[in-house]
Each structure stands twice: as structure tokens, then as C-alpha cells.
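Structure first, commentary second.
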Amino acid sequence: MNCWGQPDFCPEVDKTDMDLDAVTKQSVLHAKPDGLILQYGTAGFRTKAEHLDHVMFRMGLLAVLRSKQTKSTIGVMVTASHNPEEDNGVKLVDPLGEMLAASWEEHATCLANAEEQHLPRVLVDISEKAAVDLHQDAFVVIGRDTRPSSERLSQSVIDGVTVLGGQFYDYGLLTTPQLHYMVFCRNSNGQYGKATVEGYYQKLSSAFVELTKQAFCRGDDHRTLKVDCANGIGALKLAEMKHYFSPGLSVQLFNDGTKGKLNHLCGADFVKSHQKPPQGIEMRANERCCSFDGDADRIVYYYHDADGQFHLIDGDKIATLISSFLKELLLEIGDGLSLGVVQTAYANGSSTRYLEEVMKVPVYCTKTGVKHLHHKAQEFDIGVYFEANGHGTVLFSKAAETKIKQLAKESEDEKRKAAKMLENIIDLFNQTIGDAISDMLVIEAILALKGLTVQQWDALYTDLPNRQLKVKVADRQVISTTDAERQVVKPPGLQEAINDLVKKYRLSRAFVRPSGTEDIVRVYAEADSQENTDSLAYEVSLAVFQLAGGIGERPQRGF
Ligand code: 16G
Ligand code: MG
């Protein structure tokens with residue numbers, strides 16, 4: 001039975017603790033379009049902005065319940081990240097700044113899809129199932145990106161929070177990682193940092209200045225970085241923050257939202273998926289550039305070489321740079337802290353091989369989606385996680401942090417120096433979620449300290465040619481996978497077909513998975529040459545089309 005088809009009475013919960021009449025009255029002003037069903041997926045709810053008013057109101061309600069249950073501040077972020085400007089979305093942020101717990105994703109889906117007349121019942125049902133203490137106070141913090149629809153939609157969240165008697169603080173425009181940071185600060189009594197935008201700037205920039213002191217004191221060069229801000233929130237926040245950076249680094253902002261459209265022909269997602277530079281940025285040969293996505297939780301780097309060839313430095317190479325630097329520091333302090341790298345099946349095979357065989361770092365693969373990587377990374381003293389698309393950060397366990405801080409105070413010189421650097425790196429990484437600003441500062445610090453050019457960084461290893469394709473099928477859920485999405489379990493015969501195709505090529509690999517954000521199946525292939533990769537990707541797409549109920553046009557060779 002679905003969650004809004006429960007019996008009509010709920011004797012356990014005293015309904016007077018929630019003003020359900022007021023909820024019903026307010027909800028009419030945020031009515032759900034008939035027949036619309038949405039799913040709380042890896043990226044929260046995401047669709048056309050005009051279909052989201054009721055979802056926002058209801059997520060305000062849900063945030064109050066989650067806050068009461070956890071006795072903590074909960075965050076609500078209004079954004080659709082790299083999606084087109086017309087879309088929007090919403091995500092809840094849990095007490096430690098992490099993604100909403102899986103069981104509450106289900107509650108979110110039930111609540112968002114309940115028909116008007118069932119709304120009170122679903123609220124009561126969730127309160128019961130999750131043992132919410134309705135007498136508890138609730139506090140919700142809200143942030144939003146720069147989309148034209150975001151202000152109105154965050155007002156609907158506020159309506160939901162207030163009608164259930166929750167208190168709120170509206171931060172207004174924030175990057176997604178900044179909202180995660182605020183939530184964690186508030187729930188750690190300020191220990192993680194000050195829960196203000198100013199506090200965020202100060203925490204990150206003082207760690208950056210401290211970490212890079214040595215490099216910039218050498219006075220070797222004044223470093224400039226060009227940043228494509230996807231015409232999004234990253235531009236506003238970087239513009240406010242850049243005067244905090246040490247004089248050694250200047251950032252030049254492009255696609256700052258004054259002219260272009262959000263995510264249109266620019267931003268990290270565009271650059272990664274088209275493997276070409278964004279529009280609106282002036283690139284000279286060998287200049288270091290990077291792109292944020294629309295809510296600034298993703299970053300990729302790139303440059304043009306002297307022959308005009310474009311080189312993308314994606315999340316895999318970012319993870320490699322960072323973990324090799326961390327490994328050096330860990331060897332220096334010699335304290336046996338474990339280091340692990342977490343990737344997804346999309347990680348380029350060359351990166352995995354380099355990490356395992358050259359750097360001798362253990363590498364793990366999880367399902368796509370930040371929360372899966374985050375969870376795995378928590379198993380190490382120091383867990384580096386990055387998706388190839390540029391989502392990622394580094395997590396330090398409490399024990400590792402304590403040890404490092406102690407060494408920074410007590411050990412002899414060389415060890416102390418390394419421990420102090422690690423201490424700054426802990427502060428510089430946003431430990432709640434991947435953060436383009438924080439990742440950018442860590443990368444810039446490492447390049448400056450190691451005296452590395454962008455070309456030298458890129459040359460760590462050579463990416464295998466790779467190709468991603470989409471296939472339309474009648475129902476993408478007919479495909480189920482295992483082994484971190486690298487093997488198909490259903491429909492029968494598909495994995496065998498993929499295995500046979502992969503065998504035809506050298507250094508080859510391919511997998512398929514249903515997308516969590518679009519109504520399609522994604523195909524990934526890599527092999528020794530671009531031509532072979534493209535053939536393999538095409539052949540696998542065809543196998544999906546034939547064996548998993550393809551609809552519309554058959555996949556074509558040559559795309
Ligand atoms: C979401 C995920 C991202 C993942 C992407 C995959 C978060 C915050 N975001 O954007 O990590 O790479 O979905 O999309 O978890 P797909 O399922 O359509 O391939
Ligand atoms: Mg994003």
C-alpha cells in the first residue's frame with residue numbers, strides 16, 4: 001500500500017500538536033498540479049520551476065518534522081544546480097551538513113505526491129513512523145541560487161515552515177555548499193565555524209593564506225586563475241570573497257551572470273560533457289582556467305595548449321593531485337593514518353590505475369551520487385572522494401584531526417611543518433559536501449606549493465578515450481545493476497552482450513545504468529582509441545535498445 005493510502009485514524013499522535021487545519025488552508029495556496037508525481041532522487045526534487053510550488057511548501061513542512069525529530073537545525077536549499085535556468089529544485093540538508101537520510105527521502109516523496117485531501121494524514125503518518133516529538137522546537141535555514149524562480153519558491157518553503165510553527169532563518173543567496181556549512185556550524189555550536197557568510201569566507205581564506213604563505217613568500221609568481229562561474233551564484237560569492245585571498249592569488253571571473261543565461265553554454269557540466277571550453281571566457285595558451293556549476297558544488301579545470309588543443313582536468317585528476325599531496329604529508333608525519341580514494345564507475349581507467357599502481361593508494365568504487373561516495377570516504381582516517389564530473393572533497397575523521405592537531409603543536413620541526421599544513425587543509429576543505437570554492441583554493445595552494453604548472457598536473461597520466469551516450473527506453477527501471485553499477489543484473493542477457501562487445505577492444509570497459517536525474521539509460525565506454533571507444537559505446541547502446549525496451553529512434557553510429 002502506498003504511503004498516502006493509510007487508514008484514516010492515527011491514535012498515537014495527538015493531532016492538536018500540528019495545526020492541520022491551517023496546513024490544509026495554506027496548502028490550497030500551494031496546490032499540487034493534478035497527476036504530477038515526482039521522486040526525491042540523488043539531487044532532491046528537480047523539474048520545471050512552474051511545477052514546484054507545492055513541493056517547496058511541503059518540503060518546508062517536512063524540514064520542520066525532521067528538525068523536531070533530530071532536535072537540530074535542518075537546511076533547505078532551493079536550486080537545480082547545472083540544469084537549465086527554467087528548472088528548479090530542492091534538497092534538504094541533515095544536521096551534520098550531510099545529505100538527507102535515505103528513510104526521509106521516502107517521506108519526502110510521499111509528502112510531495114500526496115493529493116491535497118491526504119496531506120494531513122501523510123504528515124501524521126510520517127510523524128508516527130519517524131517517532132517525531134511534536135512538542136520539540138524546530139529551526140530551519142534556507143538558501144537559494146540565482147534562478148529567477150528561486151526567490152518565490154523559497155518563500156513557499158518559508159510558508160511551509162511557519163504554518164507548522166517552525167522558526168527559520170533565510171540566508172537568501174548562497175551556494176549549496178555554503179548552506180551545508182551553515183547547517184553544520186549551527187549544529188556544532190560554532191565549533192566548525194561561524195554560521196555566517198563572513199564566517200565561511202574567513203575560515204576558508206585564513207586557512208588558504210596560512211597554507212600558501214611559504215609558496216607566495218618565495219615570491220616566484222603572482223598566480224592568476226580564470227573562473228567560469230556558469231552565470232550562477234558562484235560569481236556573486238567569489239566576487240565577495242576574492243579580496244580575502246592572499247595577494248599571491250587573483251581570480252578573474254567570467255560568466256558572472258551580468259549578461260549570459262545560467263548554465264547556458266558554460267559551467268562545469270557543459271565543459272565536462274562537451275569536452276570543450278565554455279563560451280564567454282578568454283583563454284590564452286597554457287592558461288589555467290576552471291568552471292563551477294550553477295550552485296558551485298562542482299569544479300573542473302582545463303587549458304588550451306600552444307597548438308590550440310583543449311585539455312580537460314576533471315574530478316579524477318583533481319583527486320589524484322590532492323591525494324598525492326596528502327600522501328607526501330602523511331609520509332612526513334609518519335603516523336600511520338589511513339588514506340583512501342573513492343570514485344565511481346565513471347572514473348577514467350587511467351586514473352584508477354595511476355592511483356593504485358603508481359601512488360599505491362587504495363581505491364574504492366561506489367554508486368553514482370555524492371552521498372554514496374561521502375559515506376564510503378568516512379571509513380578512512382582521510383577519505384578523498386571525487387566523481388569524474390567534479391563533485392568531491394576530502395573528509396578527515398575526528399581521530400585523524402585530533403592526532404594532526406597534536407603533532408602540529410608537539411613534534412619536531414619537519415613533522416610539525418607537515419602537520420600544520422594538514423591542519424590548514426582540514427579547515428580549507430568543506431567537510432560537509434564537495435565545494436567548488438574550497439576545492440579551488442586547495443588545488444591552487446597545492447599547485448603553488450609544489451610549483452606545478454597546469455600542464456605538469458595534466459601530465460600525471462593520460463586519460464583513456466571515453467564516450468557517454470544516452471538511450472531512451474520505455475521504462476528505465478527494467479535495468480538493475482550491481483557491483484557499484486558496473487554490472488547489469490537485469491534484463492537477462494544484457495551483461496553477457498556487453499561482455500562480448502568489450503572483448504573486441506583493447507583497454508576497454510563499458511557499463512550502463514538508469515539515470516537518477518533524467519528519464520534515460522546512460523552508457524559509458526572507454527578503450528584504447530577514440531574510434532574504438534565510439535564504436536563500443538554505439539554497440540552497447542544498441543544492445544540496451546534491443547534488450548531493455550528502447551523507444552524512438554535506434555542509436556546511430558557516429559552520433
Ligand atoms: C546528481 C548527483 C551527482 C551525480 C548525478 C548523476 C548529488 C549532489 N548530485 O546530480 O553526484 O553525478 O546526479 O546523474 O548527489 P545521473 O544519475 O543522471 O547520471
Ligand atoms: Mg551542483
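Okay, here's what the table says:
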{"item": "Note, ³J(HN,Hα) from phi for the stretch 149-165, Karplus 6.51, -1.76, 1.60, rounded to Hz, x at Gly and Pro", "result": "7, 5, 5, 4, 5, 6, 5, 5, 4, 4, 4, x, 5, 6, 5, 9, x"}
{"item": "In order through the stretch 511-526: 3J(HN,Hα) via Karplus (6.51 cos²θ - 1.76 cosθ + 1.60), integer Hz, x for Gly, Pro", "result": "8, 9, 8, x, 5, x, 10, 9, 7, 8, 9, 9, 10, 10, 9, 9"}
{"item": "Selection from 179, 64, 244, by position along the positive dipole direction of the chain (Cβ)", "result": "244"}
{"item": "Along principal axes, Cα extents of the stretch 52-114, largest first, whole Å", "result": "35, 27, 17"}
{"item": "Heavy-atom accessible area ranking, 1.4 Å probe, most first, across 36, 236, 262", "result": "236, 36, 262"}
{"item": "Probe 1.4 Å, all protein chains present, accessible-area order of 432, 258, 162, 47, largest first", "result": "258, 162, 47, 432"}
{"item": "Accessible area of the stretch 219-313 divided out per residue, in Å², using a probe of 1.4 angstrom", "result": "41"}
{"item": "The stretch 147-277, relative contact order in percent, only Cα pairs under 8 angstrom and at least six apart counted", "result": "20"}
{"item": "Carbon + sulfur, % of accessible area of the stretch 115-239 - ligands and nucleic acids excluded, 1.4 Å", "result": "48"}
{"item": "Accessible-area value, residue 28, 1.4 Å probe, nucleic acids and ligands omitted, Å²", "result": "100"}
{"item": "Formal net charge of residues neighbouring residue 246 (Cβ-Cβ distance under 12 Å; K, R +1; D, E -1)", "result": "+1"}
{"item": "Among beta bridges that DSSP assigns inside the stretch 297-452, antiparallel share in %, nearest 5", "result": "55"}
{"item": "Candidate lysines for bridging to residue 32, where Cα separation is under 22 Å - those fewer than 8 sequence places away on the same chain excluded", "result": "48, 91"}
{"item": "Average accessible area per residue (Å²) across the stretch 346-428 - probe 1.4 Å, nucleic acids and ligands excluded", "result": "43"}
{"item": "Local electrostatic count at residue 181 - Lys and Arg +1, Asp and Glu -1, tallied over other residues with Cβ under 15 Å", "result": "-4"}
{"item": "Dipole moment magnitude, nearest 20 debye, the stretch 452-559 about Cα centre, only Lys, Arg, Asp, Glu C-beta charged", "result": "220"}
{"item": "Assigned charges on the beta-carbon of Lys, Arg, Asp, Glu; the chain dipole about Cα centre (debye)", "result": "680"}
{"item": "Relative contact order [Cα under 8 Å, 6+ residues apart], the stretch 342-383, whole percent", "result": "45"}
{"item": "DSSP bridge pairs, the stretch 72-209: antiparallel proportion in percent, nearest 5", "result": "30"}
{"item": "Within straight-line cross-link reach of residue 503, lysines at Cα separation under 29 Å, skipping those fewer than 8 residues along the same chain", "result": "272, 317, 360, 367, 470, 472, 490"}
{"item": "Fraction in percent of alpha-carbon pairs per bin - 5 Å, the stretch 420-468", "result": "5, 17, 21, 17, 19, 14, 5, 2, 0"}
{"item": "Distance from the stretch 252-282 to the stretch 382-455 (C-alpha centre basis), Å", "result": "28"}
{"item": "Electrostatic dipole magnitude of the stretch 240-321 [Cβ: Lys, Arg +1; Asp, Glu -1; Cα centre; debye, to 20]", "result": "120"}
{"item": "Environment charge at residue 549 (Cβ cut-off 12 Å; Lys +1, Arg +1, Asp -1, Glu -1)", "result": "+2"}
{"item": "Lysines with Cα under 19 Å of residue 129, excluding same-chain neighbours fewer than 8 positions away", "result": "15, 68, 71"}
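The values are calculated or read from the model by the stated rules, or taken from the named source; none is laboratory data. These numbers come from a predicted model, not from an experiment. Note that we place each Cβ from the backbone using ideal geometry, even for glycine, and neighbour counts take in every protein chain shown. Please note that ligands, DNA and RNA were not included when accessible areas were found on the heavy atoms of the full protein model with its side chains. Shrake-Rupley method; radii C 1.70, N 1.55, O 1.52, S 1.80 Å.
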